[in-house]
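Shown next, in C-alpha cells, is the structure this report addresses.
The values are calculated or read from the model by the stated rules, or taken from the named source; none is laboratory data. Here the structure is a predicted model, which means the values were calculated and not measured. Cβ sites come from the backbone with ideal geometry, for glycine too, and all protein chains shown count toward neighbours. All accessible areas refer to the heavy atoms of the entire protein, side chains included, with ligands and DNA or RNA removed. Shrake-Rupley method; radii C 1.70, N 1.55, O 1.52, S 1.80 Å.
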Amino acid sequence: MRHSLILGTTLALTLGAVSAASAATLDEVKARGTLKCGSNPGLAGFAAPDANGVWHGFDVDVCYALAAAIFGDPAKVEFTPLSGETRFTALASGEVDVLVRNSTWTFSRDVDLKLDFVGVNYYDGQGFIVSKDLGVTSAKELDGATVCIQTGTTTELNLADFFKANGMSYQPVPIQTEAEARQQFLAGACDSYTTDASGLAAVRATYPNPENYIILPEIISKEPLGPAVRHGDNQWGDIVRWTFNALVEAEELGVTKDNLDEMKNSDNPEIRRLLGVEGNLGGMFGLSPDWAYNAIKANGNYGEIFAATIGEGTPSNLARGLNAQWKDGGLMYSPPFR
Amino acid sequence: MANQAMPFSRSEMLPPEPPPGSAVGVVGWLRANLFSSIGNSILTILALALIWLVLSHVWPWLAHAVWNADSYAQCRQIIADTWGPDAGGACLAVIRERWKQFMFGFYPIEAYWRPTLAFILMFVALAPILFSALPRKMLWFSLIFPGLAYWLLWGGSIFVPIVIYAGFAAGWLGFHLGARASAAFVAPLLAAVFALVWWFFIASPLINLLPDIGLMPVQSKQFGGFMLSVTIGVTGIAFSLPLGVLLALGRRSDLVFVKAICVGFIEFIRGVPLIALLLVASFLLNIFMPPGTNFDIILRVIIMVTLFSAAYMAEVIRGGLAALPRGQYEGADALGLNFWQATRLVIMPQALKISIPGIVNTFIGLFKDTTLVAIIGLLDPIGLITSIRANAAWNGMVWELYGFVAVLFFVCCFGMSKYSQYLERKLRTDHR
C-alpha cells in the first residue's frame, strides 16, 4: 500500500512537472537557442537531407519559417527524423517541440493522443496506382485485388473502409517502407499500391517504365496533413498556427520573398500589419514585431514553398488542387491578421 | 653385359611412376572432391548452375556500373546509351556522392579528421588486447583510449574525460583501503562508493571550475552513418564483456542478494526485445526525467545496447564457467587463493577461452543490431537510406544502397569472425 502511494506520488509529480514544462515551450526553445522539429526521415518532396546534410522539402520549410519567426534566423532549427510509429510519442515526451511530418489530422489523434493540430499545410487524399496490364480504370473495379499497404498509417484503415463500403474484397500485402512497396509492386506481388496521392506521382516517376502504370482517378479519403504540437500550451500552439497562416496570408496578399522589402512600404494596411510595420501582432505572443517578415523571408510564402518543393515541374509534379488559395477555388484560407 | 650377370635382383629402385593422370592435378582434385560419387556429382552440377544463375545476373549489373552521374535518371540514361536500352546496371554514383554521409552522417566536414583519428587509434588500442606478442605497456593506451575517443568524437573541454578518469583513480584508492579489511566484499564496495561519490558530487563542479580548453563540441544529432554504428557497436562490445563477466560471476555467487539481482537482471533483459528497450531509451526515459534534462540520445542507446548484450554475454560466460571441471575450483581453493585471485588467475582465463566462439557471436550480433537504431530516428546507414531515397535525384533506388550497406557490415563482421578463429587456433580450445 505504502509502496503504491510513493509510486503514485512520484508519478503525479513527474507528470505535473511535464505539463509545467510544456506550459512554456517558447521560453524553453528560446533558452535552448534552437527549435526542435520532428520530421520525416525521408519523403520525396516533403523532407529529405541533401548530400551536405541540409534538409529540404515542403514540410521542413514550415520548420524553417517557424525558426525564422522565433529567432530571426531560419538556420536555428534541428531536425529529428521520426518514424511513423514513434512520431507522436516523441512529440508528447518533449523530444521535439513541433511535429511537421505529413501527419493526418484525425479526431482520435487530436483528442485521444492529446495533440493539437494547428492547421493544414497540405490537403491530401489516398489514391491507387496499378499496372496498365491489369486493365482497370477505376478503383471500383479492384474487387479481389491484392493491395500493398503501409502498416500503422491511416491509409490502412481507409482502405478497409473503402472496400467495405463498396462491397468488395481485397487481399492486403502489409509493407513497412516505400522501398519495400516499390519492390513488391514492381515484382507483381500486389496488383495495386495505395498511399497518399501526393506520393504516388513521385513514386511513379521513378519506376523503370512509368508509362506502364496509371494512377486511378478515385481519391478515397481525406488526409489533411498538418503541423502538430502538444496539448496544454496554447501560446506555443498559436505561434505555430499563425506562422503558418502568415505564409498563406502572404501568398494571398502577393507578398513574396523577393518583394518583401518593397512591400514594407505598401499602403495596404493588411500588409503593413502582417509585416510588423504597423501595430505589434508578434508582441502578443512573445515574438518580435517582424516575426512574419522573417518567416516569409526564410523560404517565401506558401505558394513559393509549394512551387519549389512539390509543385508542377518538380519530380512530385503536384497541381495546387485543393491546396490553392480560396480565391482560386482551393481551401487555403488564412483568418485575418488584426 | 653386367645386366646379364645379375638377373635376380635390381641394384637400384625403379623411379616412381607419376600417378595416373586422372588422380593428379586439376582433374584429380575434381574427381576426389567434386565428382567422387553420383550424388556428389549431381550436387556439384546443381551448385555450379546456381552460381552461374547468380553471377549471370549480378555480373552484368556490376560491369555496367555507373560512377559518374547526378541522378538516378541520368544513370539509367548512361547505361541505356552505352549498353543498349534493355541493359540493367548498378548506379553506384549515389555511393560516390553520399560516401561521406554514409561514413560520417552529418558530422561537420572540417572535423572529419576527428572520427577518422579515433578510428585509427582504436586499432592501436585494440592491438595489445588482440595480439599478445605486443609489448604490455601498450595496454595503458588502451585504458586511456575510451576517454580520448569520447573527447575526439564529441569535442568539448579536455577536462571532462580527465575528471571522469579521476573517478577510477578514486575507486582504486577505495579498493586499496578496503583490501586491508578481512571481509572480501569490503574492497569492491568501498571502490564503488568512492568512485560514485566522485562522479556524482565532485566531478560536475570541478569541471565547471576548470578552464574550457578543447575541441569544437559536436552534437549527437550530427552523428550518423557508419561512424554511428561503429561508435555504438564498439562501445557496447567494450563494456558488455566486463559487465557480462561480473553478471556471470554474480549469478553463480553464494550471496543470495547478489545472485537474485543478477538473475533478475539477466532474465529481464533476455525476456524483452531490444527494440522495446530502444524505444524506452528514446521516449519513455524523457517522460520520467525532470524537465530540462538533456540526456544524450546516443548515450542512452549505448547504455541500452550494452546492458542488452551484457545479459547475453553473462549467459555465454556462465556456460564457460559451467564447463570447467570442478577440480579447477577446488585446486585454486587448495592453493589458498581467495575468490578474486582464483577467479582472475585460474577460472576466468580458462572459462573465457572456452567461451570465445559464443562471445564473438554475441559481438557480431550486437554490431548488426546497431542498425535497429534507425527505428528511433537515428540516421545509421539504414536510416540514411530512407533519407537518400527521398531525394528527388535518387528516388527509387533500392539495390545499390542496401547492397552497399550489406557489404560494409559483411566486411566488419567477417573480420571479427576471422579474428576469433585465429584466437581459437592460438589458444587451442579444442584439446584443453
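Can you say what percent of the DSSP beta bridges in the protein assembly as shown, counting only those with both residues inside, are antiparallel? Round to 5.
Rounded to the nearest five, the antiparallel share is 50 percent.
Excluding same-chain residues fewer than 8 positions from B:Lys368, which lysines have a Cα within less than 18 Å of its Cα?
Hits, sequence-local ones excluded: B:Lys418.
For a quick check: with amide H placed at 1.01 Å from N, whose amide H comes under 5 Å from A:Leu35's, ignoring anything fewer than 5 positions away on the same chain?
Amide H neighbours of A:Leu35, under 5 Å, 5+ apart: A:Val77, A:Glu78.
For the protein assembly as shown, treating each Cα as an identical point scatterer without solvent, what Debye log10 I(q)/I(0) comes out at q = 0.07, 0.10, 0.12 1/Å?
Summing over Cα pairs of the protein assembly as shown leads to -0.67, -1.20, -1.49.
In debye, nearest 20: dipole of the protein assembly as shown around its Cα centre with unit charges on the Cβ of K, R (+) and D, E (-)?
Computed charge dipole of the protein assembly as shown: roughly 3440 debye.
Taking each residue of A:84-91 in turn, how many C-beta atoms of other protein chains fall within 10 Å of its C-beta, and what is the average?
That average works out to 3.
Please enumerate, by chain and number, the lysines with C-alpha under 23 Å from the C-alpha of A:Lys222, excluding those fewer than 8 residues away in the same chain.
Of all the lysines, those that pass the test against A:Lys222 - Cα under 23 Å, at least 8 places apart if same chain - are A:Lys114, A:Lys140, A:Lys164, A:Lys327.
Mind grabbing the accessible area of A:Phe117 for me, 1.4 Å probe, Å², rounded to tens?
Answer for A:Phe117: close to 10 Å² accessible.
Which whole-number percent gives the relative contact order of chain B, counting Cα pairs below 8 Å spaced six or more residues apart?
For chain B, the relative contact order is 14 percent.
On the accessible surface of the range B:108-153, probed at 1.4 Å, how many percent belong to carbon and sulfur atoms?
With neighbouring chains kept in place, the figure for the range B:108-153 is 84 percent.
Do any cysteines of the protein assembly as shown lack a neighbour Cys whose Cβ is under 4.7 Å away, and which are they?
B:Cys262, B:Cys412, B:Cys413
Any idea how far apart B:Leu189 and B:Leu50 come out in nm if each label point goes 7 Å out from Cα toward Cβ?
6.0
Can you tell me which aspartates and glutamates have their Cα less than 19 Å from the Cα of A:Lys30? Leave out same-chain residues fewer than eight positions away.
Within the straight-line cut-off, A:Lys30 pairs with A:Asp73, A:Glu78, A:Glu95, A:Asp97, A:Asp233, A:Asp238, A:Asp290.
By average Cβ neighbour count within 10 Å, what is the ranking of B:263-276, A:29-42 from highest down?
Numbers: B:263-276: 13.8, A:29-42: 21.1.
The most tightly packed comes first, giving A:29-42, B:263-276.
Which FRET efficiency value, to the nearest 0.05, is calculated for A:Asn280 and A:Ala31 with the Förster distance at 22 angstrom and r the Cβ-Cβ distance?
So the FRET efficiency works out to roughly 0.45.
Taking R0 as 30 Å, what FRET efficiency do you get between A:Asn212 and B:Trp99 from their Cβ-Cβ distance, rounded to the nearest 0.05? Walk me through the intermediate numbers first.
Details: r = 33 Å, r/R0 = 1.12.
With R0 = 30 Å, the Cβ-Cβ based efficiency is 0.35.
Consider a paramagnetic label point 7 Å from the Cα of B:Gln74 along Cα→Cβ; state which residues of the range B:89-132 have an amide N under 13 Å from it.
Flagged as within label range: B:92-98.
Name the residue from A:Gln150, B:Tyr422, B:Trp198 whose Cα lies farthest towards the positive end of the charge dipole of the protein assembly as shown, charges +1 on Cβ of Lys and Arg and -1 on Cβ of Asp and Glu.
Final value for the positive-end residue is B:Tyr422.
Please sort A:159-166, A:221-228, B:381-388 by packing, taking for each peptide the average over its residues of neighbouring beta carbons within 10 angstrom, highest first.
Packing proxy ranking, top to bottom: B:381-388, A:221-228, A:159-166.
If each of B:Asn208 and B:Phe414 carries a label point 7 Å out from its Cα toward its Cβ, how far apart are those two points in nm?
5.3
Can you give me the % of accessible surface on the range B:156-215 that is carbon or sulfur? Probe 1.4 Å, all protein chains present, nothing else counted.
For the range B:156-215, the apolar C and S fraction of the accessible surface comes to 80 percent.
Using a simple spin-label model with points 7 Å from Cα along the Cα→Cβ vector, what separation in nm is obtained for B:Arg252 and A:Lys257?
Rounded to a tenth, the inter-label distance reads 6.7 nm.
Find the eigenvalues of the gyration tensor of the Cα atoms of the range A:58-114, then list the square roots of 5 times those eigenvalues as equivalent ellipsoid semi-axes, largest first, in whole angstrom.
In descending order the semi-axes read 23, 12, 11 Å.
Any idea what the relative contact order of the range B:156-215 is, in percent, if you count C-alpha pairs under 8 Å spaced at least 6 apart?
50
Using a 1.4 Å probe over the heavy atoms of the protein chains, calculate the carbon and sulfur portion of the accessible area of the range A:219-338 as a whole percent.
Its accessible area is 49 percent carbon and sulfur atoms.
For peptide A:36-43, compute the average count of partner chain beta-carbon atoms within 10 Å of each residue's beta-carbon.
4
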